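A quick write-up on the structure given underneath.
The values are calculated or read from the model by the stated rules, or taken from the named source; none is laboratory data. Treat the numbers as computed from the prediction; the structure is a model and nothing was measured. Ideal geometry is used to build each Cβ from the backbone, glycine not excepted, and the neighbour counts take in all protein chains shown.
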Amino acid sequence: MDVSKCHPVELLRTREPFDHPDWLFELKHDGFRALAHVGAEVRLVSRRGREYRQFDNLRRSLREALTVRDAVIDGEIVCLDGDGRSQFVELLRRRGEPLELLLLERKRELRRIIPRRSTSVLYLDHIEERGRDLFAEVCARDLEGIVGKLKLAPYRATLPSSWVKVRNPAYSQAQSRGELFDRSRPAFPR
(Lines give C-alpha, C1' and ligand atoms only; values in the text may rest on other atoms or scores of the structure.)
Protein backbone atom coordinates (compact mmCIF):
# COMPACT_ATOMS: atom_id res chain seq x y z
CA MET A 1 0.00 0.00 0.00
CA ASP A 2 1.41 3.38 -0.98
CA VAL A 3 0.38 5.44 2.06
CA SER A 4 1.65 8.65 0.48
CA LYS A 5 -1.39 8.51 -1.80
CA CYS A 6 -3.87 8.26 1.10
CA HIS A 7 -5.85 11.41 1.75
CA PRO A 8 -8.69 11.93 4.23
CA VAL A 9 -12.26 12.16 3.02
CA GLU A 10 -13.43 15.77 2.94
CA LEU A 11 -16.33 16.64 5.23
CA LEU A 12 -19.02 18.73 3.60
CA ARG A 13 -21.09 20.98 5.84
CA THR A 14 -24.83 21.06 6.12
CA ARG A 15 -26.87 23.19 8.47
CA GLU A 16 -29.65 20.74 9.21
CA PRO A 17 -29.53 17.13 10.41
CA PHE A 18 -31.47 14.62 8.37
CA ASP A 19 -32.80 11.09 8.49
CA HIS A 20 -32.18 8.65 5.67
CA PRO A 21 -32.04 4.84 5.47
CA ASP A 22 -28.84 4.95 3.36
CA TRP A 23 -26.84 6.92 5.94
CA LEU A 24 -25.33 6.22 9.36
CA PHE A 25 -24.42 8.89 11.89
CA GLU A 26 -21.63 9.23 14.44
CA LEU A 27 -20.73 11.67 17.16
CA LYS A 28 -18.42 14.41 15.84
CA HIS A 29 -15.56 14.65 18.31
CA ASP A 30 -13.70 17.95 18.73
CA GLY A 31 -10.02 17.40 18.07
CA PHE A 32 -7.38 17.08 15.37
CA ARG A 33 -8.30 15.05 12.29
CA ALA A 34 -5.51 12.63 11.40
CA LEU A 35 -4.64 9.63 9.32
CA ALA A 36 -2.76 7.02 11.35
CA HIS A 37 -0.27 5.32 9.01
CA VAL A 38 0.48 2.01 10.71
CA GLY A 39 3.53 0.16 9.39
CA ALA A 40 7.07 -0.32 10.68
CA GLU A 41 6.25 2.78 12.73
CA VAL A 42 3.05 4.70 13.39
CA ARG A 43 2.78 8.14 11.82
CA LEU A 44 -0.04 10.59 12.53
CA VAL A 45 -0.65 12.90 9.56
CA SER A 46 -2.99 15.91 9.49
CA ARG A 47 -5.60 16.42 6.79
CA ARG A 48 -3.22 18.96 5.23
CA GLY A 49 -0.40 16.41 5.08
CA ARG A 50 1.63 17.61 8.06
CA GLU A 51 2.93 15.01 10.47
CA TYR A 52 2.02 15.39 14.14
CA ARG A 53 5.32 15.01 16.01
CA GLN A 54 3.71 14.92 19.45
CA PHE A 55 1.28 12.26 20.73
CA ASP A 56 3.96 9.64 21.41
CA ASN A 57 1.61 7.79 23.77
CA LEU A 58 -1.07 7.57 21.08
CA ARG A 59 1.41 6.22 18.55
CA ARG A 60 2.63 3.65 21.06
CA SER A 61 -0.96 2.70 21.96
CA LEU A 62 -1.85 2.20 18.30
CA ARG A 63 1.21 0.01 17.79
CA GLU A 64 0.37 -2.09 20.86
CA ALA A 65 -3.41 -2.20 20.51
CA LEU A 66 -3.96 -2.96 16.84
CA THR A 67 -3.96 -6.54 15.67
CA VAL A 68 -2.63 -5.57 12.21
CA ARG A 69 0.74 -4.21 11.17
CA ASP A 70 -0.18 -2.44 7.92
CA ALA A 71 -3.13 -0.02 7.84
CA VAL A 72 -4.23 3.56 7.35
CA ILE A 73 -6.92 4.67 9.80
CA ASP A 74 -8.84 7.94 9.45
CA GLY A 75 -9.75 9.33 12.85
CA GLU A 76 -9.77 12.20 15.29
CA ILE A 77 -7.14 12.80 17.97
CA VAL A 78 -9.13 13.86 21.02
CA CYS A 79 -8.86 14.39 24.75
CA LEU A 80 -11.97 13.06 26.51
CA ASP A 81 -13.20 13.90 29.98
CA GLY A 82 -14.72 11.36 32.38
CA ASP A 83 -18.08 11.60 30.61
CA GLY A 84 -16.59 10.99 27.16
CA ARG A 85 -16.90 14.63 26.07
CA SER A 86 -14.19 16.17 23.88
CA GLN A 87 -12.01 18.73 25.65
CA PHE A 88 -10.31 20.68 22.88
CA VAL A 89 -8.35 23.10 25.07
CA GLU A 90 -6.88 20.18 27.00
CA LEU A 91 -5.82 18.60 23.73
CA LEU A 92 -4.11 21.84 22.66
CA ARG A 93 -2.21 22.09 25.89
CA ARG A 94 -0.64 18.65 25.48
CA ARG A 95 0.51 19.38 22.89
CA GLY A 96 -1.28 2.34 -1.03
CA GLU A 97 -4.56 3.42 -1.84
CA PRO A 98 -7.29 3.17 0.73
CA LEU A 99 -9.21 -0.07 0.72
CA GLU A 100 -12.07 -0.10 -1.73
CA LEU A 101 -14.46 -1.36 0.93
CA LEU A 102 -17.84 0.14 1.63
CA LEU A 103 -18.23 2.08 4.87
CA LEU A 104 -20.04 -0.68 6.76
CA GLU A 105 -17.36 -3.19 5.72
CA ARG A 106 -14.61 -0.79 6.86
CA LYS A 107 -16.33 -0.29 10.22
CA ARG A 108 -16.63 -4.08 10.69
CA GLU A 109 -12.92 -4.41 9.97
CA LEU A 110 -12.11 -1.61 12.44
CA ARG A 111 -14.26 -3.28 15.10
CA ARG A 112 -12.27 -6.48 14.50
CA ILE A 113 -8.80 -4.89 14.83
CA ILE A 114 -9.42 -2.41 17.65
CA PRO A 115 -9.46 -4.17 21.02
CA ARG A 116 -12.58 -3.58 23.11
CA ARG A 117 -10.52 -3.08 26.28
CA SER A 118 -8.17 -0.41 24.95
CA THR A 119 -8.29 2.87 26.86
CA SER A 120 -6.41 4.88 24.22
CA VAL A 121 -7.82 3.67 20.91
CA LEU A 122 -11.60 3.71 20.70
CA TYR A 123 -13.97 2.36 18.09
CA LEU A 124 -16.72 4.91 17.38
CA ASP A 125 -20.17 3.33 17.28
CA HIS A 126 -22.89 4.70 15.02
CA ILE A 127 -26.63 4.73 14.58
CA GLU A 128 -28.39 4.25 11.27
CA GLU A 129 -31.03 6.48 9.68
CA ARG A 130 -31.82 8.76 12.66
CA GLY A 131 -29.54 11.77 12.24
CA ARG A 132 -32.07 14.21 13.70
CA ASP A 133 -32.43 12.22 16.92
CA LEU A 134 -28.67 11.96 17.38
CA PHE A 135 -28.22 15.67 16.61
CA ALA A 136 -30.87 16.65 19.19
CA GLU A 137 -29.08 14.54 21.82
CA VAL A 138 -25.68 16.00 20.86
CA CYS A 139 -27.04 19.55 21.22
CA ALA A 140 -28.69 18.73 24.56
CA ARG A 141 -25.32 17.49 25.87
CA ASP A 142 -23.36 20.49 24.47
CA LEU A 143 -21.27 18.35 22.11
CA GLU A 144 -19.71 19.59 18.86
CA GLY A 145 -22.01 17.92 16.32
CA ILE A 146 -22.48 14.83 14.18
CA VAL A 147 -21.01 13.34 11.04
CA GLY A 148 -23.21 11.58 8.47
CA LYS A 149 -21.63 9.01 6.18
CA LEU A 150 -23.20 7.29 3.21
CA LYS A 151 -23.05 3.68 4.37
CA LEU A 152 -22.57 2.05 0.97
CA ALA A 153 -19.89 4.47 -0.24
CA PRO A 154 -16.22 3.55 -0.71
CA TYR A 155 -13.55 5.66 0.98
CA ARG A 156 -12.69 8.45 -1.47
CA ALA A 157 -10.95 11.76 -0.84
CA THR A 158 -12.45 13.28 -3.98
CA LEU A 159 -15.55 15.42 -4.20
CA PRO A 160 -18.45 15.08 -4.06
CA SER A 161 -17.96 13.73 -0.56
CA SER A 162 -20.02 10.98 0.99
CA TRP A 163 -19.45 12.47 4.46
CA VAL A 164 -21.19 15.53 5.92
CA LYS A 165 -20.85 17.25 9.26
CA VAL A 166 -23.54 19.12 11.15
CA ARG A 167 -22.20 21.40 13.87
CA ASN A 168 -24.08 22.33 16.99
CA PRO A 169 -24.54 26.11 16.60
CA ALA A 170 -24.59 26.56 20.39
CA TYR A 171 -21.50 24.43 21.15
CA SER A 172 -19.88 26.19 24.11
CA GLN A 173 -16.26 25.21 23.38
CA ALA A 174 -16.40 26.88 19.95
CA GLN A 175 -16.84 30.31 21.52
CA SER A 176 -13.66 32.43 21.45
CA ARG A 177 -11.75 29.62 19.75
CA GLY A 178 -10.04 32.04 17.37
CA GLU A 179 -8.09 33.40 20.31
CA LEU A 180 -6.44 30.01 20.80
CA PHE A 181 -4.93 30.17 17.33
CA ASP A 182 -3.92 33.84 17.34
CA ARG A 183 -0.15 33.62 16.86
CA SER A 184 0.41 37.21 17.99
CA ARG A 185 -0.07 36.25 21.62
CA PRO A 186 0.43 33.07 23.64
CA ALA A 187 -2.74 31.04 24.08
CA PHE A 188 -1.73 29.74 27.51
CA PRO A 189 0.34 31.12 30.36
CA ARG A 190 3.86 29.78 30.46
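Observations, loosely collected:
For every residue, the table says whether it meets (1) modelled with pLDDT under 95; (2) over 17 Å from the mean Cα position of the chain (by Cα); (3) among the aromatic types (Phe, Trp, Tyr); (4) not in a strand (DSSP E or B).
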{"site": "MET1", "(1), (2), (3), (4)": "yes, yes, no, yes"}
{"site": "SER4", "(1), (2), (3), (4)": "yes, yes, no, yes"}
{"site": "VAL9", "(1), (2), (3), (4)": "yes, no, no, yes"}
{"site": "PRO17", "(1), (2), (3), (4)": "no, yes, no, yes"}
{"site": "LEU24", "(1), (2), (3), (4)": "no, no, no, no"}
{"site": "LEU27", "(1), (2), (3), (4)": "yes, no, no, no"}
{"site": "ALA40", "(1), (2), (3), (4)": "yes, yes, no, yes"}
{"site": "GLY49", "(1), (2), (3), (4)": "yes, no, no, yes"}
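- When residues of segment 85-117 are limited to those that are within 17 Å of the chain's Cα centre (by Cα) and assigned to a loop (DSSP other than H, G, I, E, B), the one modelled with the highest pLDDT: GLN87
- Looking across segment 155-178 at every residue that is outside any loop (DSSP other than H, G, I, E, B) and hydrophobic (A, V, I, L, M, F, W, C), the one that is nearest to LYS107 (Cα to Cα) is identified as TRP163.
- Scanning segment 125-165 for residues that are surrounded by fewer than 14 Cβ atoms within 10 Å (Cβ to Cβ) and closer than 18 Å to GLY75 by Cβ gives a single hit, ASP125.
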